[in-house]
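The values are calculated or read from the model by the stated rules, or taken from the named source; none is laboratory data. Everything numeric here is computed off the predicted structure, so don't read it as measured data. Cβ placement follows ideal geometry from the backbone for every residue including glycine, while neighbour counts extend to all protein chains displayed.
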Amino acid sequence: MISQGETTLYVENIQIPGYAQTITLRSYRTRQESVARPIVLYFHGGSFIEGSLEDANVAASTIAKGSRAWVISVGYSLAPDFPFPTALEDGYLAIQWAVKNARAYGADMRRVAVGGHDAGGNLATCLSAIVRDRKEFTLSAQALLAPLLDPSMTLVSNQITIGESDAKAQECAHGYRSYLTHVSQRMHPYAAPIESKRLRDLPPALIASAEDDFLHVEAERYSCELIAAGVSTEATRYQDVSHNGLAAHPVALSDVVAFLGRKLKPRAGKK
């Protein structure tokens, strides 16, 4: 249990079977609301090869407090030991688990969103496509913070216009090579969102990028592609913030909370 100001968060770790190994979910909840709370699954960053639940703590707790959602931070399997599609399938199993257990946690299985930073943003938007295609349940929104979207790194030359990006092309390339072990996977729609020709019917998106991050180029390109496909999309580039700093940036997280609040409103007449 974490007390912050007047808001108490109930935090617990839960282990579930993953795609290739047991994974840990970290649940964040405020006290029970009179209306069933929405569900948000959040994915930490780390270029697919590192990162942890602790890295997502600020974002997950901020979203849980601000939106009164049941936030589930997903400890997905990391490359290179567990390459594509392990992390994605871990994420899908986490959504399945959340939907199945929604009632027990006072949550509404019909109001589910995904979000994430860096590699977690890639997983969130790729899961949006998988959920759309498998039709087992639906997602209401996706919130992407400095997402990794372009495994082929076709826009990397644009980094020369970004003076001091803390995200480095070499590090991104290493992460992609570790996660996508076959060259053909770098064009797979469930790994390379920016290359996908099937963006229609994805859930509404918020895409946050950082001024001091060469990856904002691909984030903004993806925003345009989503809009062209008819997906409601909000895109903001935040000034004076780095790639890694965006994960815990107060203004960006406040905007995520507001976005999720709009997209995850209770359905009229439903308790």
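Within region 201-213, residues that are of a type in the set (Ser, Thr, Tyr) sit with their Cβ atoms under 8 Å from residues that are outside any strand (DSSP E or B) and surrounded by fewer than 24 Cβ atoms within 10 Å (Cβ to Cβ), at 6+ positions apart or across chains, in these pairs: Ser209/Glu220. Among the residues here, Ser61 does not qualify as among the hydroxyl-bearing types (Ser, Thr, Tyr) and touching a residue at least 60 places away in the same chain (Cβ under 8 Å).
Within region 14-62, restricting attention to residues that are farther than 26 Å from Tyr179 by Cα and of a type in the set (Val, Ile, Thr), which residue is modelled with the lowest pLDDT? The qualifying residue modelled with the lowest pLDDT is Val35.
Checking each residue in region 38-54 for being under 23 Å from Ala98 (Cα atoms) and not polar (S, T, N, Q) picks out Pro38, Ile39, Val40, Leu41, Tyr42, Phe43, His44, Gly45, Phe48, Gly51, Leu53, Glu54. Looking across region 59-113, the residues that are assigned to a strand (DSSP E or B) and surrounded by fewer than 20 Cβ atoms within 10 Å (Cβ to Cβ) come down to Met109, Arg110.
Residues of region 171-179 include none that is under 28 Å from Gly66 (Cα atoms), modelled with pLDDT under 95 and either in contact with a helix residue (DSSP H, G or I) (Cβ under 6 Å, 6 or more places away or on another chain) or crowded, with 18+ Cβ neighbours inside 10 Å (or both). One residue alone among Asp118, Asp133 is of a type in the set (Asp, Glu) and under 12 Å from the mean Cα position of the chain (by Cα), and that residue is Asp118. Taking Leu155 as the residue in question, decide whether it is touching a helix residue (DSSP H, G or I) at 6+ places or on another chain (Cβ under 7 Å) and either modelled with pLDDT of 95 or more or β-branched (Val, Ile, Thr) (or both). No; evaluated as a whole, the condition is false for this residue.
Taking the criterion of being touching a strand residue (DSSP E or B) at 6+ places or on another chain (Cβ under 7 Å) and more than 24 Å from Phe259 (Cα to Cα), the residues of region 1-51 that qualify are Met1, Ile2, Glu12, Asn13, Ile14, Gln15, Ile16, Thr22, Ile23, Thr24. Kindly indicate whether Phe48 is on the phi > 0 side of the Ramachandran plot, touching a residue at least 40 places away in the same chain (Cβ under 8 Å), crowded, with 24+ Cβ neighbours inside 10 Å and not polar (S, T, N, Q). When the stated conditions are applied, Phe48 passes them.
Filtering region 171-220 to residues that are touching a Lys or Arg at 6+ places or on another chain (Cβ under 7 Å), more than 25 Å from Thr138 (Cα to Cα) and part of a loop (DSSP other than H, G, I, E, B) leaves only Leu180.
Number of residues in region 221-254 that are outside any helix (DSSP H, G or I), farther than 24 Å from Gln170 by Cα and touching a helix residue (DSSP H, G or I) at 6+ places or on another chain (Cβ under 8 Å): the value is 4.
When restricted to residues that are part of a strand (DSSP E or B) and either within 12 Å of Trp70 (Cβ to Cβ) or of a type in the set (S, T, N, Q) (or both), region 15-42 contains 14. Among the residues of region 238-252, those identified as surrounded by 17 or more Cβ atoms within 10 Å (Cβ to Cβ) and not polar (S, T, N, Q) are Tyr238, Val241, His243, Leu246, Ala247, Ala248, His249, Ala252. Is one or more of the residues making up region 221-232 in contact (Cβ under 8 Å) with a residue 60 or more places away in the chain, out of contact with any His (no Cβ under 7 Å at 6 or more places or on another chain) and over 20 Å from Leu139 (Cβ atoms)? Yes - at least one qualifying residue is present in region 221-232.
Under the condition of being charged (D, E, K, R) and either within 21 Å of Glu12 (Cβ to Cβ) or at pLDDT below 95 (or both), the residues counted in region 70-97 number 1.
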